[in-house]
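The values are calculated or read from the model by the stated rules, or taken from the named source; none is laboratory data. Treat the numbers as computed from the prediction; the structure is a model and nothing was measured. Calculation scope for accessible area: heavy atoms of the full protein, side chains included, ligands and nucleic acids excluded. Shrake-Rupley method; radii C 1.70, N 1.55, O 1.52, S 1.80 Å.
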Amino acid sequence: MPLHVYPNIRASGSIPEGWEPIKGGTIKYPVRNAALRSYLRRLLPGKWRKVIKKGKIGEAHYFEHESGKVAGVKFFSCETL
């Protein structure tokens, strides 16, 4: 599945209206999968991180470039977690 680069997570269309992140509920770590990291760097050269942001109604999972742009945004509601 090809990934698309967006200016922010809301622009991806995957995040529902009214979702807000919980303060202190963000986890960021380096992309460990070498093939995925290489693919992301072909989309946009530079440093990428995997991000998980928790909110009251669910979590947003995505890849974040050092510029702030994002790719691969997915939303998981509390019912599916």
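In deg cm²/dmol and to the nearest 500, what is the mean residue ellipticity at 222 nm of the chain if only DSSP H runs of at least 4 residues count, each as -39500 (n - 2.57), divided by the residue total? About -3500 deg cm²/dmol.
For the chain, relative contact order (Cα pairs under 8 Å, six or more residues apart, normalised by length) works out to 33 percent. Accessible area ranking (1.4 Å probe, heavy atoms, ligands and nucleic acids excluded), largest first, for Val70, Val5: Val5, Val70. Once the Cα atoms of helix 34-43 and of the chain are each reduced to a long axis, what angle between those two axes, in degrees from 0 to 90 to the nearest 10, is obtained? Long axis of 34-43 versus the principal axis of the chain: about 90 degrees.
Per residue, the chain exposes 65 Å² of solvent-accessible protein surface, assessed with a 1.4 angstrom probe and all protein chains in place. Only protein heavy atoms count here; under a 1.4 Å probe, Leu43 has an accessible surface of about 60 Å². Remark: segment 42-81 projects, on average over all directions, an area of 3.0 nm² (convex hull of Cα atoms).
Heavy-atom surface analysis with a 1.4 Å probe gives the chain a carbon and sulfur content of 54 percent of its accessible area.
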